[in-house]
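Scroll down for the structure; my scribbles are underneath it.
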Amino acid sequence: MSERFFLKIKNNMKVQNSDNNIFNNSDAILMPYGVKKEDLKFVDGLFKGTMIVTPRHAKAWLEYMIKNRAVNSSNLRRLVAQINADKWKYNGETFKFSVEGKMIDAQHRCLAIVETGRSLKTDIVIGLEEDAFDTIDTGRNRNSSDVLSALGYKNYTALSSVAVFIMHYETGNTVGAIRARKKDLFNSDVVEFVEKNSPSLPNFVNTYYNKYQISDKVVNFKLIGGLMWYFLDRHFKEAYTFFDKLMNGVNVTRDEPVFILRKKLLQDKSSEYKMSDRQKAIFIVKTWNATRKGETLKILKWNPANETMPEII
């Protein structure tokens, strides 16, 4: 793969030959374009050093990188502005490369270098395993959404939020679930959970996120997506109908519990004083439970002092 890449760029760039390949424990560590082995130190199985990264380096490295995250335009604009304003500082952040010379981390910094036409001083590390991607949190912190995006999952942000919700909920941490607290989980744990529950979880998110996008969006997808995962498990047909009635008002009548909930959530959208996600989640579960039991609701109320998330039936 490295040789094909070198052939691709040799017409407009001077490339290195095989003398720059380093062997460690019989494994080849290939040098990225423009990097010389004699300028680096070999420490703990990795080549490390500092260099000036030019637009030519950056362009070549971008062409030869592992699947990377979707470009964050606001992050890129911020980096470009910093560089153009001479506010970029050498900060010890590294450009990371695999044993095959593929760039693992620094996509946005390389894009900024190419866009500005400016060179930057930076540290580089070469020889990492490619699966190190999902453990890297540098530059703009890489979260589980970024990793899922790089792995090719659709609706990766929604998928990540729902996965985090379920992971917390399964351990009884309803607060963590409602807040979708990704910082409490390793990226690799979220990815492992998604892969363990594939294709059912990605398919579920894709189906309901697409439905959500054309709905009235009376509540955020993190909450309704996470809770729908459990509702569908309890009673598929009833959950499907519940979603349409809540999110779109389809065939909902005034005497149904979901009518009260939908009205309350719609009022909240235009209210100055918003309900918390915790309150919304509790109201959704209460309404679902009442629907399952065939009960009516005249009012939805919650006592935050002593009332916790009800069990989903």
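Any read-out appearing in this document is the output of simple, stated calculations on the displayed coordinates, not a laboratory observation. Source: prediction; values computed, not measured. Heads up, the Cβs are rebuilt from the backbone with ideal geometry, glycines too, and the neighbour counts pull from every protein chain shown.
The figures follow:
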item	result
Semi-axis lengths (Å, descending) of the ellipsoid that matches the C-alpha gyration tensor of the stretch 154-277	26, 17, 13
For the stretch 33-42, Karplus couplings with θ = phi - 60° (6.51, -1.76, 1.60), whole Hz, Gly/Pro x	3, x, 9, 10, 4, 6, 8, 10, 10, 9
Neighbour cut-off at most 12 other Cβ (10 Å), DSSP loop, chymotrypsin sites (Phe, Trp or Tyr not before Pro), the stretch 208-298	Tyr273
Whole-Hz ³J(HN,Hα) from phi, Karplus 6.51 cos²θ - 1.76 cosθ + 1.60, for the stretch 115-120, glycine and proline x	5, 7, x, 10, 9, 10
Alpha carbon convex hull of the stretch 79-132, volume per residue in cubic angstrom	74
Sites Thr253 and Ile214 - FRET efficiency at Förster radius 22 Å, r taken between beta-carbons, to 0.05	0.45
Cross-link table Lys222/Lys293; Lys48/Lys89; Lys211/Lys293; Lys237/Lys298, entries beyond 21 Å C-alpha to C-alpha	Lys222/Lys293; Lys211/Lys293; Lys237/Lys298
Virtual spin-label span in nm between Trp302 and Lys263, 7 Å along Cα→Cβ	1.9
Prolate/oblate/rounded label for the stretch 216-313 (Cα gyration tensor, a/c 1.5)	rounded
Proximal charge balance of Met247 [Cβ under 11 Å; K/R count +1, D/E count -1]	+2
Placed amide H near Phe95: partners under 5 Å, 5+ positions off or other chain	Asp123, Ile124, Val125
Two-site label geometry, Asp86 and Ile52: point separation in nm, points 7 Å out along Cα→Cβ	1.6
Pair-distance profile P(r), taking every C-alpha pair of the stretch 144-214, with 10 angstrom steps and integer %	22, 55, 23, 0
